[in-house]
Structure formats: structure tokens, C-alpha cells
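Below you'll find the structure, written out as C-alpha cells, and then a few comments.
The values are calculated or read from the model by the stated rules, or taken from the named source; none is laboratory data. Values in this document were obtained by computation on a predicted structure and should not be read as measured data. For neighbour counting, all protein chains shown are included, and Cβ atoms are generated from backbone atoms with ideal geometry for every residue, glycine included.
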Amino acid sequence: MTSQTPDGLVSGERRLSRAELEERAARAAEGLRKLGVARGDSVALFLRNDFAFFEASLAAQKLGAYAVPINWHFKAEEIEYILNDCGARVFVVHADLWPQAAAALGPHVRVFCAPTPPEIAEAYHCAPENCAVPAGVEKWNEWVAAHAPASDLPPPSTESMIYTSGTTGHPKAVRRNQATGAQLEKVAYIRSTVYGFTPDMVAGVPGPLYHSAPNSFGLRASQTGKGVVLLPRFDPEAMLQAIEEHAISHMFMVPTMFVRLLKLPAEIRAKYDLSSLRYIIHAAAPCPRDVKQGMIEWWGPIINEFYGSTESSAVTLATSADALKKPGTVGRPVKDAEIVIVDENGNDAPTGAQGEIFTRINGMPDFTYHNKPDKRAEIDRNGLITSGDVGYFDEDGYLFICDRKRDMVISGGVNIYPAEIEAVALQMPQLKDCAVFGVPDQDFGEALMAIVEPQPGAVVAPDDVRKHLTAHLAGYKVPKHIEIGHNLPREDSGKIFKRRLRDPYWAKAGRTI
């Protein structure tokens, strides 16, 4: 039986109405302002999908500050780097995540802790004693309630500052300029067009809010539609149950979710009423053609896809009709998007010819990489930027992605840069060299493969490398496959010739990304 249409946020058995969310965000904004948080400052969030994430993010936006979500898989040294880089004044953390974050916090950061709610505790098998706020740590809920709501603040002009995985060992923060006037309208237009937002929608959020697209989708949905249903983590059948129970109409998803949904037994797929679904948008990784077709056949022509990045926003849109007419396309440019295909000589490529993809949306607020403006310059070409993808336009103006120029792996919709993993691996004195790259994976699109070369005379096993990486990196960065290699092939420059290592795996898969 369908429950009453959500008003505001829903998570498990808990509810927070839109009015209550707005009041708590305004109270938190007043509290942050009294702490000295001002326009351009950073508020770091180490939280799962919960009400506190929305409260703190919206509070920061009200002050013109940046909410900085941190991937809660990160270990202390990864957290510490981000806190130092963004200069966070405030850190909000879930109780069960406190132990892994505590060592990263310096005296300059004000810490608030939110209790881990029952549905999240159940989803992640958290012990009850780890879900309460530890002694000596300020309680987020009590601190928020202690302040009067701020009432004299301008409309929000910032988005979350998202850290992307680093090409040179450390992540970079995409800091978008404060939006003003027509730019605010352009941002709203792009989001409503691509996300399909309507005032009566009920949005489902099955992906983690620390990622760029779920973050943007979830926060904007909380301000636009009737309700937002938070799932503590993605579980295929639990998501179908939530769709039926709450009459979810809109969702942002990634192809890995489609793959797992399609693997459900037929009786489970037929068990739930999904008639409320009206608009599904997906991105973040290539979607196999058979998977896209399978979802359209099951859910109907409501599956849409965009191509873009944290830096560029969404620059194309492909409807279900587009996907069926042009299998493999990521769509045509959205309004005011400029997309240029550049060949190896730096010239504009003709229709049908492959080249590196450069994009921008005219009228959108520009961005830089926080503290790393030189990195922005590296990807810029006459004001257009690239993510390193290679593609082409067909004769009807549809964009296709066919390869990746930059050394990046997309696993389950998550961008992973091998350089960071290689740098940590080479901290092992037994290793002479290491090459990390992506190989085909049925569920996640790509999985990480590491080939390590021991120092002469050294003895090292794959498990030794895995244990070392696990101690320093989030689990999703630890390669699924680790092999011992010798005399790794090198280019004339001396760099490892990864293409020679990578290509045999992809040749068997019949695809390149």
C-alpha cells in the first residue's frame, strides 16, 4: 500500500517536513555565522545520506559558503588532506564514522556529531554503541536547536564544492563561482531540463550524496519538489519497495544500479508497483546498450541520460527515444551548450571523426580548482574544458563517447585516478614499479587492476600489496585484481606503456571503455 506522499525528507521511518528542514537549515546558518563562517568559507561534511547532510549543506549555501562533502570511505590521511586544502572551519560527522575521522581533525576545526539513525545503522551493520554521539563531542541536533533561525540572508548562490579524484595523487576541489542574476536562472534551467524536475515530484536518492550528481540532484530536489526519499545505501529490491511505498517519480541513477536491478529474479521484478515512476536520469559511466534497452523495456521510455562532469555540468541529454534510435549515444547538446571535438593536431574534427571532447555551457558560472588554478589551465581550450573523453558527432548531431584519453577509471560511476593508487603502492620499499588501470567488469563497468613489479631480489605477494593499500586508501580505490609482473613495458619517455597492459583485456570485451 502506498503511504502518504512525502512532504520534505524521508529516511526509513523518520520524516522531516520541508518547513522543518528550512527552519533547521536557517538555525544552522545562524549558528555557523556566529562561528565566523562567511561567504567563500568551507563547511566539511562526513555524513551518510541523512537529514543532517541537507541541513548543513543548505545552511552553508545560505551564507554563501561551500558545503564540502567528503567520501565517507576515506581514511584519516585522505580526510586530513581535504580539510587542510579547503580550510574547513566546521566539520559535521556521523557518530559511527567518528573513529575513522577523529585522527584527521586539528584544533582549528569545530566539530559537530550527528547520531547515526537506525536505518543507516542497519544498512551498514553498525553496532548500537557506535551510533550515539561520543562523550566530549558537540551534538549537531542540540547545537542547531539552540539558535534562532537566520532571517536576513540573501538567496543561496553557491553549490557544494566537490572533490574529484586526483590525477597526480591528490583530489582537486571544483569551486564554482558564486552565481548571480541570469546565472542563477541558467543553473535552474539546466537542472530542471536535465533532471526533469516538477513541483509535484517525489525524488528518490539511492546514490551517496558525497558524489557530484546525487548531491546536486538531492539538494535541488529538496527545494523544488514535494519530497525526497533517502535510501541509506543502494539495494535493488529495497529500492523497488521504496518506489512503491512512497510513489517515487524521479531518480538519479548510475548504470551499475541498472545492472543489479536487471539481475533480480523475474518474480521480484514483478512484485512491486512502479507505476509512479516518471523520469529517470543516469550518467557518470558508459551504459551498455543491452542494459539500457533492458531498462527501457521494463520501466518504459522514462530512462534518460546526460553527459557532463562536475566541472562542466550536464552538456547533453539523451531520451529513451534517442537511445533506441541511436544506440550508444549520450545525446545532443542542451540549450546553450557548446561542444567541440578536437583532433590530435588541435583542429576541430569533422562530423564522424573522433577527437577529444571540449565543452562549456554559455552563461553558467565558471569554476576553478581550489588552490590549483594551474590545473584548470591544463584542461582549458579557449574557455572550453575537457575531461579527457574521446568521442564524435554523427551526421544527426548525436554525441558518442568511444574512448578515454586521460588516465582514469570509472567503476560503478565513481571516477578513480590510478596515479593516487600508484603513489601509495610505491611507498612499499619492496616495489620497483606499479601500473594501475581499468579492466572490464560485468557489474561495475570497469574494475581496477594493478600490476606491480618487485625490486630485484624482493619477494612480495598480491595480498601484501592489498593490505598496504587498504591501510592508506578508501576501500573502493584498492584494486580488485593485483598481479605480480616483471619488465613492465615502457614508452620512449620511460613511462609505463599502460595501453599494452590494458588492451588485451578490453579486446576480449569488445569495447574500449
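Looking only at segment 117-165, filter to residues that are under 22 Å from R27 (Cα atoms) and of a type in the set (S, T, N, Q); which one of those is surrounded by the fewest Cβ atoms within 10 Å (Cβ to Cβ)? Before the answer, list the steps.
Of the residues in segment 117-165, the ones under 22 Å from R27 (Cα atoms) are 117, 133, 137-161.
Now restrict to residues that are of a type in the set (S, T, N, Q): 141, 151, 157-158, 160.
Values: N141: 16, S151: 8, S157: 19, T158: 22, S160: 22.
Taking the candidates together, the pick is S151.
Which ones in segment 353-394 are modelled with pLDDT under 90, more than 25 Å from E446 (Cβ to Cβ) and small (G, A, S)?
Matches in segment 353-394: G363 only.
Mind checking whether some residue in segment 41-60 is outside the structural domain of R233 (by TED's automatic domain parsing), surrounded by fewer than 24 Cβ atoms within 10 Å (Cβ to Cβ), modelled with pLDDT of 95 or more and more than 21 Å from the chain's Cα centre (by Cα)?
Yes, because at least one residue in segment 41-60 is outside the structural domain of R233 (by TED's automatic domain parsing), surrounded by fewer than 24 Cβ atoms within 10 Å (Cβ to Cβ), modelled with pLDDT of 95 or more and more than 21 Å from the chain's Cα centre (by Cα).
Answer yes if at least one residue in segment 251-264 is surrounded by fewer than 23 Cβ atoms within 10 Å (Cβ to Cβ) and either on the phi > 0 side of the Ramachandran plot or part of a loop (DSSP other than H, G, I, E, B) (or both), and no otherwise.
Within segment 251-264 (the criterion being surrounded by fewer than 23 Cβ atoms within 10 Å (Cβ to Cβ) and either on the phi > 0 side of the Ramachandran plot or part of a loop (DSSP other than H, G, I, E, B) (or both)), the answer is yes, since at least one residue qualifies.
What single numbered condition from (1) at pLDDT 95 or above; (2) in a strand (DSSP E or B); (3) among the small types (G, A, S) fails to hold for G397?
With respect to (1) at pLDDT 95 or above; (2) in a strand (DSSP E or B); (3) among the small types (G, A, S), G397 is out only on (2).
Would you confirm whether any residue within segment 425-438 is buried (at least 18 other Cβ atoms within 10 Å of the Cβ), part of a loop (DSSP other than H, G, I, E, B), touching a residue at least 60 places away in the same chain (Cβ under 8 Å) and outside the structural domain of I357 (by TED's automatic domain parsing)?
No; the residues of segment 425-438 include none that is buried (at least 18 other Cβ atoms within 10 Å of the Cβ), part of a loop (DSSP other than H, G, I, E, B), touching a residue at least 60 places away in the same chain (Cβ under 8 Å) and outside the structural domain of I357 (by TED's automatic domain parsing).
Does segment 438-462 hold any residues that are closer than 11 Å to E483 by Cα and either among the hydroxyl-bearing types (S, T, Y) or touching an Asp or Glu at 6+ places or on another chain (Cβ under 8 Å) (or both), and which are they?
M449, A450, I451, V452, E453, P462
Could you list all residues from segment 309-336 that are part of a strand (DSSP E or B), modelled with pLDDT of 95 or more and farther than 15 Å from G391 by Cα?
Answer for segment 309-336, where residues must be part of a strand (DSSP E or B), modelled with pLDDT of 95 or more and farther than 15 Å from G391 by Cα: L317, A318.
For segment 470-500: of the residues being part of a helix (DSSP H, G or I), at pLDDT 90 or above and in contact with a strand residue (DSSP E or B) (Cβ under 8 Å, 6 or more places away or on another chain), which is surrounded by the most Cβ atoms within 10 Å (Cβ to Cβ)?
My answer is K477.
Going through segment 275-323 one residue at a time, which ones are exposed (fewer than 15 other Cβ atoms within 10 Å of the Cβ) and aliphatic (A, V, I, L, M)?
A321
Are any of the residues in segment 366-379 in contact (Cβ under 8 Å) with a residue 40 or more places away in the chain, assigned by TED's automatic domain parsing to the domain that holds R278 and part of a helix (DSSP H, G or I)? Please lay out each step first, then the result.
From segment 366-379, those in contact (Cβ under 8 Å) with a residue 40 or more places away in the chain are 366-372, 375, 379; that's our starting set.
Restricting the remaining residues to those that are assigned by TED's automatic domain parsing to the domain that holds R278 gives 366-372, 375, 379.
Applying the additional criterion that residues be part of a helix (DSSP H, G or I) yields 375.
Within segment 366-379, one or more residues are in contact (Cβ under 8 Å) with a residue 40 or more places away in the chain, assigned by TED's automatic domain parsing to the domain that holds R278 and part of a helix (DSSP H, G or I).
Right, G388: free of Cβ contacts under 8 Å to residues at least 40 places away in the same chain and surrounded by 13 or more Cβ atoms within 10 Å (Cβ to Cβ) or not?
Yes.
Under 9 Å between Cβ atoms, at least 6 apart or on separate chains: pull out the pairs that start in segment 496-513 with a residue that is within 9 Å of F437 (Cβ to Cβ) and end on any residue that is of a type in the set (G, A, S).
K498/A435; L501/A435; L501/G485; R502/A435; R502/G438; Y505/G438
Could you check, for segment 148-169, whether at least one of its residues is part of a helix (DSSP H, G or I), of a type outside the set (F, W, Y), farther than 21 Å from A213 by Cα and under 27 Å from the mean Cα position of the chain (by Cα)?
Step one: list which residues in segment 148-169 are part of a helix (DSSP H, G or I), which gives none.
So far as segment 148-169 goes, no, none of its residues is part of a helix (DSSP H, G or I), of a type outside the set (F, W, Y), farther than 21 Å from A213 by Cα and under 27 Å from the mean Cα position of the chain (by Cα).
Does segment 441-452 include one or more residues that are aromatic (F, W, Y), in a loop (DSSP other than H, G, I, E, B) and touching a helix residue (DSSP H, G or I) at 6+ places or on another chain (Cβ under 9 Å)?
Within segment 441-452, the first condition is being aromatic (F, W, Y), and the residues that meet it are 444.
In the following step, the residues that additionally are in a loop (DSSP other than H, G, I, E, B) were identified as 444.
Those left that are additionally touching a helix residue (DSSP H, G or I) at 6+ places or on another chain (Cβ under 9 Å): 444.
Yes; the residues of segment 441-452 include at least one that is aromatic (F, W, Y), in a loop (DSSP other than H, G, I, E, B) and touching a helix residue (DSSP H, G or I) at 6+ places or on another chain (Cβ under 9 Å).
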